[in-house]
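Worksheet for the structure shown next.
A short reminder: the numbers here are calculations on the coordinates, not readings from a lab. This one's a predicted model, so the numbers in the text were calculated from it and none came from an experiment. Every residue, glycine among them, receives a Cβ derived from its backbone with ideal geometry; neighbour counts consider all protein chains shown.
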Amino acid sequence: MFTKSMTVSRKNGLLFIDDVALEQVAARFGTPVYIYSWSQIADRFSALKNALSELDSLICYSVKANSNLAILHRLTKLGAGFDIVSGGELERVLQVGGNPATVVFSGVGKSVEDIDFAIKAGIYCFNVESKSELLRIEDRARLLQKVAPVSIRINPNIDAGTHPYISTGLNENKFGVPEQMAFELYKKAKTSSHLDIKGVDSHIGSQISNITAFGEALDHELKLASRLASEGIDINHLDIGGGLGIRYDTEVPINVTAYGKLITQKLTSSRLSQIQGINPKIIVEPGRYLVAESGMLVTKVEYLKPAPGPEFKNFAIVDAAMNDLLRPALYGAYHNIEPLIEESESTDEKWNLVGPICESADFLALNRSLSLSEGDLLAIMTTGAYGFTLSSNYNSRPRPPEILIEGDQMLEIRSRESIDDLLRREKIV
Ligand SMILES: *Cc1c(COP(=O)(O)O)cnc(C)c1O
């Protein structure tokens, strides 16, 4: 059942990232613990950059996938820009020395405070998601006596064939605006001395492996950009969003080389480029693609509750829970489970891996063939994206530490929370 991955390898039955056995990490930092491989993230970044090498491109890492400062800092060093969705994420980027001129700001509910912060910080572009937001940004820019950079997020009504909770490019979704409305908003923005039109934006969803859907979204953007050019509105960039699909189980991951070729070919053969002579920069906003497969959550089996009869289930109660990793409870997401020490025999027994939280949705994996004993350590794979960032303190559980592996080093990039951390802001009145 061991799936070949670049991230981990087995040596003498033990699971390794680079030169570090995951057991050593658990021994030093305890469980549950999030562990990431830096080389995996760096490899993904170069693969995408290479796939787009014929274009002027900017990879704006989607900070919400994994916003640990150490990871943002290292991505800055590789030349990444950032896609943010809040003032908090902007603060993170600034704290690691990220260049605000490489930041795009997405999201349907930007507050006045966040808009002011971003204008003052000098971000590259707001990805505007409604008419009201455009008017608010213009207002704030006028008050601050600045010019705010904008692009409109179009909703191209494309079904990317993904989970309904992570699909964003359909008319029924809350994101972006229809193309005709976007066209009107651009014309309005053009007349404002406090708005500067930068590009056209879309993001059609997450976990997309079918590159045709990305191609279609780009076609829509190119068509709109060309229409804008005819109105005297020239754009600097096309932002084609994130959502590049990866493998959790048996999914076919995106082929980034084919993705890069498709985008390059569409752009260079477009009317915009060929006839109107406009060659916009391409912005991509990958989150999961860069970090998901780099990460795992290592947990310990606390108790086994074998089924007392055929109508019951086998439960393995582990020390990680839905507060540490929400994806299974939220999306019914599948994560592969790897024992840290290779199983010596195979088994027909199926186990539900559940946490200690008082919710029936508190499961991490269902019906897995595992040969388990109490005290065993298990890696919940592919949890580098939307793992720690979706975690909470439900049931007053301090969150796990985050450890970055590089070569033979275990770098603690976030320490384990204490109960004191959780209680600090509360007052008995
Ligand atoms: C979440 C998000 C992304 C990243 O999505 P992934 O599936 O992690 O690549 C990119 N752009 C926007 C606007 C997002 O909301």
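Structure notes:
- Order of 138, 293 - criterion: other Cβ atoms within 10 Å of each residue's Cβ, fewest first: 138, 293
- Taking packing as the residue-averaged number of other Cβ atoms within 10 angstrom, the listed peptides 14-22, 246-254 run from highest to lowest as 14-22, 246-254.
- Rounded tilt (10° steps) of 112-121 against the dominant C-alpha axis of the chain: 80
- Annotation: peptides 149-155, 102-108, 273-279, 231-237, ranked by per-residue average of other Cβ atoms within 10 Å with the highest first, follow the order 149-155, 102-108, 231-237, 273-279.
- The range 235-296 and the range 74-146 have Cα centres spaced 22 Å apart.
- Taking every C-alpha pair closer than 8 Å and separated by at least 6 residues, the mean separation divided by the residue count of the chain gives a relative contact order of 19 percent.
- Using alpha-carbon coordinates, inclination of helix 38-51 to the longest axis of the chain, degrees: 30
- Local charge for residue 322 was computed over the other residues whose Cβ lies under 11 Å away, with Lys and Arg +1 and Asp and Glu -1, and equals -1.
- Separation in nanometres of the label points that stand 7 Å from Cα toward Cβ, at residue 196 and residue 111: 2.7
- Based on alpha-carbon atoms, the Kirkwood radius and the radius of gyration of the range 1-144 give Rg/Rh equal to 1.09.
- Cα-based helix-to-principal-axis angle, 211-230 vs the chain, degrees rounded to 10: 20
- Flagged links, alpha-carbon separation over 18 Å, of 49/198; 131/190; 49/120; 188/266: 49/198; 49/120; 188/266
- Across the alpha-carbon set of the chain, the Rg to Rh ratio works out to 1.01, Rh being the Kirkwood radius.
- The calculated P(r) of the range 106-286, using every Cα pair and 10 Å bins from 0, goes 10, 37, 34, 16, 2, 0 in percent.
- Between the alpha-carbon centres of the range 167-223 and the range 321-398 there is a gap of 37 Å.
- Computed packing ranks the peptides 392-400, 31-39, 333-341 as 31-39, 333-341, 392-400, most packed first, by mean other Cβ atoms within 10 Å.
- GluC sites (Glu not before Pro) lying in DSSP loop within the range 367-416, provided at most 12 other Cβ fall within 10 Å: 374
- In sequence order, calculated HN-Hα J values of the range 349-356 (Karplus, 6.51, -1.76, 1.60; Hz; x Gly/Pro): 6, 10, 10, 9, 8, 10, x, x
- If R0 is taken as 30 Å, the Cβ-Cβ distance between residue 423 and residue 95 corresponds to a FRET efficiency of 0.75.
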